[in-house]
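Asks: Can you keep this structure in mind? I'll have questions shortly.
The values are calculated or read from the model by the stated rules, or taken from the named source; none is laboratory data. The model shown is predicted, which means the values in this text are computed figures rather than measured ones. Because the Cβ atoms are built from the backbone with ideal geometry, glycine has one as well, and the counts that use them run over all protein chains shown. The protein model used for the area step is the full one, side chains on, heavy atoms only, and it has no ligands, DNA or RNA in it. Shrake-Rupley method; radii C 1.70, N 1.55, O 1.52, S 1.80 Å.
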Amino acid sequence: MSRQTFEESLQHTELEFITLGELAAVAIQRAVDALVNRDDTLAQQVIDGDDEIDQLYLKIDSETLSLLALQTPVAGDLRLISAFLHGCLHLERVGDQAVNIAKLYLISGDVPGSAGMRALLAEMGERVVAMIRTAMEAFANRDVERCLLLPKMDDLVDRLNRASHLEALKLADDKASLEWGMHMNLAARALERAGDNAVDIGEQISYLVTGEFHEFTDASHEVDE
């Protein structure tokens, strides 16, 4: 494989990676919309649509490994390939979390639930989708400063996740409502995990640009302001 062909293949894979990021973001948004608006059809679309995310993930993974086998990449290329391999796995997991949210909604039945919990989940979904898109914009522009926004964005998602427990406890007087609330707690947890995946992608992008790896959420170190 010539150097020119190798670089063209990298560019093609980069476009696929960005596409995967948007598919993952849309899946989360649709799953949350289905839950908030009690839309069974949309929830099923999220579940059915996960195949497209999985197939693109596997395609990127296979293409990236083939590039490693057919060319001897320089350091910058290796960091980009690492970003593809790690990043597409995180995006596939985001897609899985969207499916989890859709399934949790579908098994929650016809219980009315609470408007407060739905509003909380709607805000979490909005924040998580923004995180995924921020990570992908940071990748497209090789922008470390945008990567560093992600831990701060994630702090709010974490707070909302903790608040979901209090919302569920408000439903304790009714067994069916409490069970619904517990399902919604799990949906909040799925959103929190999707946010963590976005932060992990940001770490890979920072490494891609700087050549140095830093854990943004390492409990023993604070992220530089």
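Asks: Assign unit charges at the C-beta atoms only (+1 for Lys and Arg, -1 for Asp and Glu), then state the dipole size of the chain relative to its Cα centre in Debye, rounded to the nearest 20.
Replies: Using only the charged Cβ atoms, the result is roughly 360 debye.
Asks: In the range 88-155, what percent of the accessible surface is made up of carbon and sulfur (1.4 Å probe, ligands and nucleic acids excluded)?
Replies: Carbon-and-sulfur percentage of accessible area, whole number: 50.
Asks: Arranged from highest to lowest average of other beta-carbon atoms within 10 Å per residue, in what order do the peptides 60-67, 210-217 appear?
Replies: 60-67, 210-217
Asks: List the equivalent ellipsoid semi-axes of the chain in whole Å, largest first, each obtained as the square root of 5λ for an eigenvalue λ of the Cα gyration tensor.
Replies: Semi-axes (√(5λ), whole Å): 36, 20, 11.
Asks: Then there is this: What share of all Cα pairs of the range 144-224, in percent, falls into each consecutive 5 Å distance bin?
Replies: 3, 15, 20, 17, 13, 10, 8, 7, 4, 2, 1
Asks: Still on this model: Counting only helical runs of four or more DSSP H residues, what would the 222 nm mean residue ellipticity of the chain come to if each run contributes -39,500 (n - 2.57) and the total is spread over all its residues?
Replies: The helix-only estimate for the chain comes to -29500 deg cm²/dmol at 222 nm.
Asks: Between LEU78 and THR5, what is 0.36 nm times their sequence separation minus the Cα-Cα distance? Round to one decimal in nm.
Replies: 24.7 nm
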